[in-house]
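What follows is calculated from the coordinates using simple rules that are stated; it is not laboratory data. Because the structure is a prediction, the values reported are computed rather than measured. Every residue, glycine as well, gets a Cβ built from its backbone with ideal geometry; the counts of neighbours run over all protein chains shown.
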Amino acid sequence: MDFEVGAIHAGKVTGITKFGAFVTIAPGKSGLVHISEISNAYVNDVSSHLSEGQEVMVKIIGVDKSGRMNLSIKAAGAEPAPITRHQPQARTQSTPLEPSFEDKLKRFMQDSDSKMSGLKHHTDKKGARRRNR
């Protein structure tokens, strides 16, 4: 397969984050579709346009020095229709129990955001006590 900038491939959404979606275009080859590259219309929530397991057409718009691919759905000319509701996917026996890299990254980012907001809240309280002396 041709994994050069400008190539268009069919892919499957494997993970959704607040900043975009991870799409696998071949075994061992995946990339990120940034939230700004999902649709020509404003996208506030990635999950309102994409769902895990959804098939999409993507165009490779960049490859960085470490080999990570930047993908675009809108540049491929096949924008997904907005999703109106989510239906939980049934877990099959063929689904691996080990979380994917994207799932691990999503969980890490959520934990990190939570810890940072708690730390900020704690330091704000500490600073307020010092000002009141």
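Of 12/59; 12/104; 65/115; 18/74, which ones are farther than 20 Å apart at the Cα?
Result: 65/115 exceed 20 Å.
Over the Cα atoms of region 1-79, what is the Rg over Rh ratio if Rh follows Kirkwood?
0.93
Arranged from highest to lowest average of other beta-carbon atoms within 10 Å per residue, in what order do the peptides 39-49, 7-17 appear?
Final packing ranking: 7-17, 39-49.
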